[in-house]
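See structure below.
Read the figures in this text as sums done on the coordinates, not as results from a lab. These numbers come from a predicted model, not from an experiment. Virtual Cβ from ideal backbone geometry, glycine too; neighbours counted across all protein chains shown.
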Amino acid sequence: MEKVGLYHFVAEPYLTDFRGRVTLPMIGNYLIHAASGHAGERGFGFNDMSERHTAWVLSRLAIEMREYPAAFEEICLYTWIDEVGRLFTGRCFELTDGRGKTFGFARSIWAAIDVETRRPTLLDGEALGAYITDRPCPIEKPGKIAPAESRSEGIPYTIKYSDLDINGHFNSVKYIEHLLDLFAIDQFREGEIGRFEIAYQSEGKQGMPLTLHKAEAAPGKYDLAICHEGKAICRAAATWR
């Protein structure tokens with residue numbers, strides 16, 4: 001089995017935004033689809049993990065886009081494992097068009113948890129390590145994000161049906177959607193996000209009252225957070241260009 005997986009998508013018009021470009025949340029969905037496919041084909045996917053009463057959870061994600069795919073463009077998504085630790089594994093991605101032009105790269109960090117206790121479990125380093133490759137991913141790894149909640153008033157939001165994933169928890173991509181909605185529509189007309197980074201800290205559940213926070217850290221750079229009872233369940237950062 002090849003170490004690098006390749007998955008194909010088409011930028012369907014109904015999945016693009018008002019600019020006719022694929023959205024960051026949609027790119028997040030593509031990444032999760034590719035990660036799930038790559039893991040499943042190599043014996044550590046959703047069904048394999050379920051048999052061991054464990055599940056993958058996305059801990060951190062950083063996406064850097066040089067260009068956003070336009071409607072009808074072909075998207076080739078490569079994914080591979082770059083490191084494996086006791087509790088976390090790193091997974092990289094490259095998005096290209098059908099001719100090999102790079103749209104962007106992404107880095108992600110995943111953990112395995114026990115589905116009953118929701119606590120981290122040890123990874124099978126030998127099995128996962130067999131798929132490590134040194135294919136380059138020339139973007140910075142996810143780093144520390146400053147707390148936006150201490151520098152901004154929160155906008156209330158309550159987790160609803162459409163926010164939930166197969167486990168009944170706040171869907172990883174929904175965090176991104178709600179944070180991007182904090183920006184004015186004119187900001188998307190005049191520019192685009194070059195780098196988006198998110199750190200997931202705890203799981204959201206149906207009916208949970210949240211507050212959404214945005215604080216400008218520097219011109220064009222924003223720190224973001226989603227909080228429950230004053231404590232961040234995720235932090236994120238967006239850099240515009």
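Annotations
- The charge dipole of the chain, taken about its Cα centre with unit charges on the Cβ atoms of Lys, Arg (+1), Asp and Glu (-1) only, comes to about 420 debye.
- Here the Gaussian network model covers the chain, with springs between Cα atoms less than 10 Å apart; of D134, D163, D97, D134 fluctuates the most.
- Net charge over other residues, Cβ less than 9 angstrom from the Cβ of A237 (K, R count +1; D, E count -1): +1
- Computed helical MRE - 222 nm, the chain, DSSP H runs ≥ 4 contributing -39500 (n - 2.57), nearest 500: -5000 deg cm²/dmol
- Build a GNM of the chain with springs between Cα atoms under 10 Å apart, and of P142, P156, P69 the one that fluctuates most is P156.
- Inter-site label distance for L6 and A217 at 7 Å from Cα along Cβ, in nm: 3.6 nm
- G194 long-range amide H proximity, modeled H, under 5 Å: T239, W240, R241
- Paramagnetic reach from K144 (point 7 Å along Cα→Cβ, amide N under 12 Å) across the stretch 194-218: none
- Among the GluC sites (Glu not before Pro) within the stretch 62-119, those in coil by DSSP and having at most 13 neighbouring Cβ atoms inside 10 Å are E116.
- For the chain, the gyration tensor built on C-alpha atoms gives an oblate shape. Its axis ratio a/c (a ≥ b ≥ c) is at least 1.5, and a/b is not larger than b/c.
- Of G45, G168, G37, the one that fluctuates the most in a GNM where the chain has Cα springs shorter than 10 Å: G168
- By the rule of a second cysteine Cβ within less than 4.7 angstrom, the chain holds isolated cysteines at C76, C227, C234.
- Nitroxide proxy distance, nm - points 7 Å out along Cα→Cβ at K160 and D134: 5.1 nm
- Positive-pole candidate from A39, S202, A148, dipole of the chain, charges at beta carbon: A148
- All aspartates and glutamates inside 20 Å of K221 as judged from Cα atoms, apart from same-chain residues fewer than 8 positions distant: E64, E67, E140, E149, E153, E177, D181, D186, E190, E192, E197
- The stretch 47-138: equivalent-ellipsoid semi-axes (sqrt of 5 x gyration tensor eigenvalues, Cα, Å): 29, 14, 11
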